[in-house]
Each structure stands twice: as structure tokens, then as C-alpha cells.
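Report on one structure; see the data block that follows.
The values are calculated or read from the model by the stated rules, or taken from the named source; none is laboratory data. Keep in mind that this is a model prediction, so the values were computed, not measured. Cβ sites come from the backbone with ideal geometry, for glycine too, and all protein chains shown count toward neighbours. For accessibility, only protein heavy atoms count, side chains too; no ligands or nucleic acids. Shrake-Rupley method; radii C 1.70, N 1.55, O 1.52, S 1.80 Å.
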Amino acid sequence: MNKVYSINGPVIKVKNSTDFQIMEMVFVGDDKLLGEVISISEEFTVIQVYESTVGLKPGEEIISTGEPISVTLGPGLLTNIFDGIQRPLNKIYEKDGKFIKAGTNVDTLDYDKEWEVHFLVKKGDKINFGHVFGEVEETTLITHRLLVPSGIEGEVKEVKKDGSYKLKDVLVVVEDKHGNKHELNMIQRWPIKKPRPTKERLPLSIPLISGQRVIDTLFPIAKGGTAGVPGGFGTGKTMMQHQFAKWCDADIIVYVGCGERGNEMTQTLEEFSELIDPKSNRPLIERTVLIANTSNMPVAAREASIYTGVVIAEFYRDMGYHVAVMADSTSRWAEALREISGRLEEMPAEEGFPAYLPSRIAQFYERAGYMNTMSDRKGSVSIIGAISPQGSDFSEPVTQNTKRFVRCFWALDKELAYARHYAAINWNQSYSEYISDLSKWYNKQVGVEFLESRQQFIKILAEENKLMEIVKLIGKDVLPEDQKLLLEIARVIRVGYLQQNAFHKDDTFVPLEKQLMMMNLILYLYKEASIIIKQGKAFSLLLKTNIFDKVIKVKYDIPNDQLVLFDNYYKLIDEALHSVK
Amino acid sequence: MNLQYIGLKEINGPLIFLNHVKGIAFEEMVEIKLDNGTTRHGRVVEINGDLVAILVFEGTHSLSLKNTTIKFLGKPMEIGLSENILGRVFNGLGEPIDDLGPVYVDRYFDINGSALNPVARVYPRDYINTGISSIDGLTTLIRGQKLPIFSGSGMPHNDLAVQIVRQAKLSDQRKEKFAIIFAAMGVTHDVANYFKRSFEEAGVSDKVVMYLNLADDPIIERLLTPRCALSAAEYLAFEKDTHVLVVMTDITAYCEALREFSSSKGEIPGRKGYPGYLYSDLASLFERAGIVKSSKGSVTQIPILSMPNDDITHPIPDLTGYITEGQIVLDRELHQRGIYPPIGVLPSLSRLMKDGIGSGYTREDHQPLMNQLFASYAQVMDARSLASVIGEDELSPADKNLMEFGRLFEEHFISQGHKNRSITDTLDLGWRLLSFLPKDQLDRTDEMILDRFYDHEDAINFFNIEDSVIINELKKEGN
Ligand SMILES: Nc1ncnc2c1ncn2[C@@H]1O[C@H](COP(=O)(O)OP(=O)(O)OP(=O)(O)O)[C@@H](O)[C@H]1O
Ligand SMILES: [Mg+2]
């Protein structure tokens, strides 16, 4: 029997044992706390425990399972909320009440619930790993495709009739080439740290549209792409992720609250159950899986929560869906690594983080991608990770190492947040490397003007940035008239376009079509006003027409479903400018 | 099973080590009896085979390897609670120190608490009227929120906390049960007395529970003080349907105690010597706020922390800000200018206010007013920094006007002394101030709202600035 020898927070040691494998799942002590073997030497086997070790005693037993830490995959994941090690919080609440207890044991999915299964295979079919053998309507939004689990290949010997079945009912029997029979049901297990295989990685070419102007226009992310969102406290990381989770055009959202606030998860749960998806008229929760490992839950489970989220995402990708993973916040995950590493007395690298931090970050983001799945469907996992840099200093290790592996960088800026310019994305520091991959899509789907207008916006903002250095020293008044106009247009872009109010019913989500029309309107104003300035008119006269402020308020004054109203604004611009002539 | 051991193997800082110990549990409580008859308390913090490390809360002074008897109590640190704690004063370990004898115990609680299941929580939405404009108007406090005050030494954070407690209580018409829990960590006797006196003056003493670990009390005991206080808060809120306001001061002293404990354990230090798990540890305190489905009560936290050197990027305010639901930041410059409360509104934030303001809660114009005040005041800052380079005289009329707006805003809105302002007064005052600015500069609000609330004439008359140079200059320009 293997016994607990030492206990130091979430790290326990077993002395002189040769029974364990690295990354094996174990149960620790009388309460059967979930743990994972993280290092083995002749003297000690080290285990990190995913639950509180308060009350654990040396000498209590450790049971090995021979299996790595895994999640249970099957219908019923959507609409659900789990903790970092995939325990369903609803059921825990029913069982234990308001506080989460250590060692509580509940089934991940509901094994009594019946699902309506429609079969897609028949006797004699040859099937293998990843093949879709049936379908279940998991929610009104999402059809769950039943996938053949790993390691099974052969001929279908038996298939049940279409009808209602429970998750563990045998649905299909497969015989492999050695004559062994395998029974398939609706669930399967998968190790959280092992990426699910696909046939091939496809080039990224479609944007993940979020309805957030500064993202879709300036720094778009591709379906299957990765983005890092660093920002000091209160700069809007969580809001940004919520906006994505609500409005982006992925099929499925996996939202991982990793070491963040309990109230935020409650809010997501409440809000998503009420918010209706405009496309399908169904509550958003029907396409959402929530993973909540709040800051006061055990730290090792925080480390696991990120992986739990990403495997679930891969699982739905393998059914042919576009999945977006929100990880808030990856810094808390990195800190969990640091904490465990510290307790193992490993040699720290930068700022106490373990030397393997960059490789862990890379492994995580590399699980994103646009894939051809084992069943020849196209699916994607996009990952958007929040980063909480210590002291808002982007030179710290987590931000820097994430920057190496993500291709979108949305830098949130404290000064912008202080001025309540939300989304507080700093347009000078942020970037997207996907523009060239996506240009074909934009040109075809939105029109060639989109990227051209975008380019002009970027140019104007860059020039403003340059001019502001002068303005900071001598004030605006001494600038030539055309530069005053440029500054004003830049203000229109900043306040009227980049800034977006998540609490305004029309502004919270803006379709690409309206984004383009807004850009065109602003650039039209710029073009026409420039002509007048060139004719020698004073900029202050233009300013008095109030036309700039009217254009700024277009975002509020033109609802998303009344885009014809834009025509009036062209007239307003003409009239205003004419009055100056 | 109460095991007893005589003698120690080693003493190191607040830690003692014991050999040949069997059958004790991680984080178990320990009683340490000295030869001289006194008793101290401790907790098992690490177990290595039969070697055990114990943290002694009262410190290890005058302990020797021989003069002690250790008794393991077989359970984690607990505190006995009942509604009789109201009006009482305890030390940092939860023992009564007011000479009124022991309290009746209804239930015992593990002071470490457990994580609240997010499914059990109710998202907080009810706002607390503090009667302070810069809080009610711009960083609204919500019942069940954790909203710290970031301050610095010499600033009036204690006054502000007391004012919030006093005025929040007065405005509560609903006759619901309320209580105030005060946890002092490493503050001076003067500060503790100030709070005590103020609670008496406000007539709420019988609703107050105090947990005091003062500056000259044992440092390690400080690690338990907020945990005792929060256990009491959870008990009253979640078992007894009480609205509890927890004031904890000073979080910085708490963190320093944690640093001392960590370094004596030989842990690898993180930033500024604080342990790598400071975030998790603070979260285990701050997350003990909120509302649950099963009860009518709530726990609202107002932690006070002094930013070392006024540096908001110092690990303590930094990590706190990442956990709490906003922050109220005090500004030394405002304080030096005699403005009370000196709340720096731009870095201050209440994350929960968005769902607790507007029609049905405060007033429908609250959100746009707030957005516009923030935006305009941020422009004031730009104008000021320009003025510091080129001089105020060289500013454009519009910028001069902004400077004037900034002054008015600070002197009329932020500054209010110890008066109590209703939310209506606060919002009206906000519009009056905005009305001082030209209408077309208000680019965060839509026309409909402006039509209702913008009144330039009124602002000019009210603030009595008819003859101001700036206005004249603006007029000359044709505005
Ligand atoms: N797009 C937006 N529109 C309106 N308000 C916003 C927007 N983004 C952020 N905010 C405001 O900023 C506040 C803080 O945002 P958020 O909670 O997302 O910050 P955060 O970066 O996640 O902070 P932390 O790191 O502490 O979790 C929100 O409560 C909200 O008031
Ligand atoms: Mg956040």
C-alpha cells in the first residue's frame, strides 16, 4: 500500500515507491482527493492534489488508477458549468450546498438522462477513430455528433434502432480485425494534456467576427487563431472576453474562468441563460460550456482548468464545429505553475516562474487551429487568452512569452481605461498577424473597400500619434489648418469608431456591414472637409457646424437594422460643409 | 484523539519543528503550553514524514527546546459564533478581550472557510447609498461587493470608511438586519479607538463586532484576524440573513505578516519578497464576499490598504485590484489641496455598478452622466499636462475652459466634507457641472439625454462665473 509521507499545501510525497507513472491520476487519502503524479525519483513520488489538503494525514492511502487525468466527453456538456477538474457545479450545489467540499464525488454528466439518438451507421460499415456513428440534439442550437473513441477500428456488428438512450447504454458493437468486440456508448474519456489528433492543419482564412469594431476592423483574429489580451486590473479583459463569448460567430464557446472572481462566473451563467442569440433566437447558454475555477478554489485545479476547457473545445471541433475558447486569465494559470514549482523547490527562472513556462504556454496555444478532422469535417479551435501582467508591466514573463506564440496582441491600456475609452485597446501597441491571411475573405465577403478604408484609418491614427508629440509641447492652436482637421478626424475615429459601449443596445455588437458604412462615412467627411480646408477656409468654421459630433454619434443614432439612415448623414455632411463655403 | 508531546527539535522565527510525530493532520490546530503556565496557539503548516512544522501565532519568544508541551487538537482552527457576538470585541484569534466573558456558541466554524460555489451565488445588483457623490455617482458601491480603498499614509481613509458606514446605515430605510464587522490588522491603538468612538457616535455600537490585532500585537496572529472576521460575517449573512459590512484595515500589514511567515518557512520569494501565492491568499479573503441564493443577507467588504510609497503597481494594491470588484483610490494631491474626500476618480472603478444603476436602481441618466463626467475630466487632465508645459496662459480658450471645469468639478463634486448627499443631488450636480462645458463637447451622451439635462445658463449662474475671462473669450470666438 502506498501512503502519504509528506504534505506541503497541494503537494504531497510518497516515499520509496515504484508503483506510479508520470501524469497518472491518483486518489489521495480517506477522502479520495483527486491528484496527479508530477515527478518520480527513487526516493520520492510527488503528487499534486487538485483539492484542499486540509485535514489530510501522513499514512493515509494513495490509490493509483493507471490512467492520466482525463475528462468525460459526451452530450450534456453544453449549458453546463464545471470546476477545473470537470465536476459539475450544479450537482455539487444540490449535494453539498453553497460551499464546495473537498473529496466530493459526483458524476460529470447525467447518466440517467435520455437522449434521442439517430444512427448514421449500419451493420457491416467499417468505422474507426473519429468516425461519426450517430447524432443527438444536444441543445436546439447544436447537434452532438457521436464520435468513435480512440483505438477502435473495425466492422459494425450491431446497431440499436433510433430512439432514446442513456449515456452509458450500448449503442453500437464493433468487431476489430482480431475478432475482439467493442461496445460504443455516448461517452468517452480523454486525457486533458494530450491534444486530440486530426488529419491535418489547414491554413487560416476566415475571420472570427466579434462585432467589436476595433477587433474586426483593425486587429482581426482568424477562426483557428490565437490572441493574447494583456491589461492591468480593470482595463476590460473580462468584458472583452464576455463580448466575444456573446457575439462572436463561433458555433460553440468554451469559457474558462481560471483563478478569477466567483461573481463573474455567476454573472456569465445568469446573463447567458437570459441573453438571446439574435441568429437563432435561443439563449446563448445553449452553445456555451463554462469552466469555473475561481481564485479561492484549489490552485492545482486552476492549472488543470485551462486544459479541461481546451479538450472540450477540441472534442466539438472534431464534430466539425468552430469553437472559441476564452481563457480568463492565463496569468493565474501560470501562477499556479509557479506555485507548484515553488513547492517542489525547482530552480526558478524569471520572476520565480519555472523554466518550462514558455513551453507550457506554447503547448497551450498550439492546440488552436483550423483542422480537417478525423471524419473529414472542417472545424476550428480559436483561443483568446487574457493576461494579467503584474504591475501592468508588459515586460513580465507571461506577457512576453505569450507574445511569442500568439498572432493577435490586443494590448489594453490603463490610461484609456481611466478615460473610460472602452474597449481600451491601444491601437499603437496592438497588432494582428492575420490580416494577409484574411484579406481574401474580407475582399470577397465585405468588399475591397473594407481593407482600404482600414488602411486609411491606420494611417490617420499613426499621423495623429506623431502630431500629438508636438501638441503635447506647444498645444493645438499653432498647427496648420489641415493638421487640425486631421486631429479632429482622428478624434472622430477614436471616439466615434474605436470606442464601443458594451452596455448600449445597438453599440454592443456591430455587423461588418455597418462597420464598413461607418468607416466610409468618416472618410467621406475627411475627404470633403480637406477640400474646403485647401480652399483656405478656417478649420474653426468647420468645427462650429457640429458635423464632427454628429458623425461621432452615428454609432448610437443608427440602429443596426436601419442602415439606410446612413444616406441622411451624407446629406448632413454636404449641407454642413456647404454652409461654410 | 489529543496527542501530547514534550520538547521541540528546532525553533526558527515563528515556526517550531517537532520530531517523531504520528497521526496528525495538515493544518491541524495545536496548543503550546509553556512551563510558566501560559498557552499559545499554532497550526501545522508542513508535514514531512514524522517531522512537523508548526506556526505559532503569538510568536516564539521565550520558547526553548525544553520548556514546552505540544498538544494536537485534531481539528482545524475554529471559531465559535452566535448572534451574541454583536457589540463585542475580540482579539485577532477570536477570543473576547472586552471583559464581558465568553460568548454563547451557536455553531463552530473553520475560520479558513470554503470556496463558495458560483452556482450558489446571486449576482449583486442592489446599490448602497453612501451619500458620497464621487462614490454614488461614479464608483457606486453594490451590496455584496468587495470594494477596497487604496490609500497612503497620512490620508483620510479611516474618515472615509467611517463616513461610508455612518451614512450607508442612515439611508437604509428597509429595516433589514445589518451588522458591521471591523477587523484591525497592525493598526495603532489610536486608529482602533477612532473607529470604536465613531461607531458609538453613529449609534451602531451594538451592531458592531471588532476583531483587533493592533500594531503591537503578535504579528503572525494577523494572518488569522481577517479569517475570524470573515467567518463571523459569513455566519451572520448566510445563516442569520443579515447585511454585513466588513471593514478590514490594513491589508498591507496583513501581507507583511504573510511575507514574514513565508520567509521563515524558507519559501522562494516572489516580487518584493512576498510569497508567490500572495494572490491566492488574498483571494481566499476577498472572495468571501457576496450574496447566496439560500439567504437574504450579504457580505460587503471595504478593505483598506495603504499603498507603500503611493505606488499602485506595488504587489499589494496590484494583486488586490486583480481580485476585488474595483477600487476607490485616494489622491494625495487632492488631499493636499484640502479636498475631502480626496477620491481620485479616474483610477477608481466599481465593476458591479453597471448592473446596479440606471432606471429602477438610481436614475436612467446615471450611466450617460457617469461616462461623460469621466470623459470630460480625463480631458481636464490632458489640458493640465499641457498647461504644465506651456503655461496656463498659453492654452486655447477651450482648454482654459476645461481647466475651469476641472476646478469646479473637484471643488463642488468631489469635495463635499462630511455632508450626506442624496443620489438625486449628486446626479443633478453632475449635470450642472457638465452644463458648464459647451454642449458639443459632450460626446459620450446622446441628444435626447442632453436635451433633458443640459442647461448652460443655469450652470453659469449657479457657479457665478459670469464675468470669467474664459467665458468672455469663448463668447468672442462666437460660441
Ligand atoms: N467595452 C466596454 N464597455 C463599457 N464598459 C466597459 C467595457 N470594457 C470594460 N468596461 C468597464 O471596465 C470595468 C472593468 O472591466 P473588466 O472587469 O473586464 O476588467 P479586467 O481587465 O478583466 O480586470 P481584472 O484583471 O481585474 O479582472 C467593467 O466593469 C466595466 O465597467
Ligand atoms: Mg477580469
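So the values come out like this:
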{"read-out": "Cα-centre dipole for segment B:366-478 with unit charges at Cβ (Lys and Arg positive, Asp and Glu negative), debye to 20", "value": "380"}
{"read-out": "Quotient of Cα Rg and 2.2 N^0.38 Å for the protein assembly as shown, N being how many residues it contains", "value": "1.00"}
{"read-out": "Nearest-20 debye value, the protein assembly as shown charge dipole, Cβ charges on Lys, Arg, Asp, Glu", "value": "1540"}
{"read-out": "Helix-only mean residue ellipticity at 222 nm for chain A, each DSSP H run of n ≥ 4 adding -39500 (n - 2.57), per residue, nearest 500", "value": "-10500 deg cm²/dmol"}
{"read-out": "Amide hydrogen neighbours beyond the local backbone of B:Ser348, cut-off 5 Å, H modeled", "value": "B:Val329"}
{"read-out": "Share, in percent, of DSSP beta bridges within chain B that are antiparallel, nearest 5", "value": "60"}
{"read-out": "1.4 Å probe, heavy atoms, protein only - residues of segment B:102-146 losing at least 50 Å² accessible area vs chain alone", "value": "B:Ala115, B:Asn117, B:Pro118, B:Val119, B:Arg121, B:Tyr123"}
{"read-out": "Residue-wise HN-Hα coupling along segment A:489-494, computed from phi with Karplus coefficients 6.51, -1.76, 1.60 (Hz; x: Gly, Pro)", "value": "5, 4, 5, 4, 5, 5"}
{"read-out": "In Hz, Karplus ³J(HN,Hα) per residue of segment B:154-166 (6.51, -1.76, 1.60; θ = phi - 60°; x = Gly, Pro)", "value": "x, 9, x, 5, 5, 4, 5, 4, 5, 4, 4, 4, 5"}
{"read-out": "Given charges at beta-carbon only (K, R positive; D, E negative), |dipole| of segment B:94-192 in Debye", "value": "560"}
{"read-out": "Local electrostatic count at B:Phe374 - Lys and Arg +1, Asp and Glu -1, tallied over other residues with Cβ under 11 Å", "value": "+2"}
{"read-out": "Eligible lysines near A:Lys91 by straight Cα distance, threshold 22 Å, same-chain separation 8 or greater", "value": "A:Lys32, A:Lys101, A:Lys113, A:Lys166, A:Lys168, B:Lys293"}
{"read-out": "Listing of segment B:374-414 residues, each with accessible area lower by at least 10 Å² in the full protein assembly than in the chain alone (probe 1.4 Å)", "value": "B:Phe374, B:Ala378, B:Leu386, B:Val389, B:Ile390, B:Ser396"}
{"read-out": "A:Val448 paired with B:Lys293, simple spin-label distance in nm, labels 7 Å along Cα-to-beta-carbon", "value": "5.7"}
{"read-out": "For residues of A:544-554, the mean tally of beta carbons on other chains within 10 Å", "value": "2"}
{"read-out": "Cα lying deepest toward the dipole's positive end in the protein assembly as shown, options A:Gln455, B:Thr249, A:Leu146, charges on Cβ", "value": "A:Leu146"}
{"read-out": "Reachable aspartates and glutamates, given that their alpha-carbon falls under 13 Å from the alpha-carbon of A:Lys15 and they are not under 8 places away in the same chain", "value": "A:Glu42, A:Glu43, A:Glu60, A:Glu61, B:Asp50"}
{"read-out": "Whole-number accessible area per residue in Å² for segment B:4-75, which is evaluated in the context of all protein chains at 1.4 Å", "value": "41"}
{"read-out": "Expected 222 nm ellipticity per residue - DSSP helices of 4 or more, -39500 (n - 2.57), all of chain B, to 500", "value": "-9500 deg cm²/dmol"}
{"read-out": "Reach of B:Lys33 by Cα under 27 Å, taken over lysines that are not fewer than 8 positions away in the same chain", "value": "A:Lys57, B:Lys9, B:Lys22, B:Lys66, B:Lys71, B:Lys75, B:Lys265"}
{"read-out": "Fraction of accessible area attributable to carbon and sulfur, segment A:6-68 (%, probe 1.4 Å)", "value": "47"}
{"read-out": "Positive-end residue, chain B charge dipole about Cα centroid, Cβ charges, pick of B:Thr445, B:Ser151, B:Ile291", "value": "B:Ile291"}
{"read-out": "Fraction of beta bridges assigned by DSSP in the protein assembly as shown that are antiparallel (%, nearest 5)", "value": "65"}
{"read-out": "Label point at A:Met23 placed 7 Å out along Cα→Cβ; residues across segment A:309-352 whose backbone nitrogen lies under 14 Å", "value": "A:311"}
{"read-out": "Cα lying deepest toward the dipole's positive end in segment A:331-401, options A:Gln363, A:Pro397, A:Ser341, charges on Cβ", "value": "A:Gln363"}
{"read-out": "Accessible area buried between chains A and B, both sides summed, probe 1.4 Å, in Å² to nearest 100", "value": "6500"}
{"read-out": "Chain B, relative contact order [Cα under 8 Å, separation at least 6], %", "value": "15"}
{"read-out": "Around A:Lys168: net Lys/Arg minus Asp/Glu count, Cβ-Cβ under 12 Å", "value": "-4"}
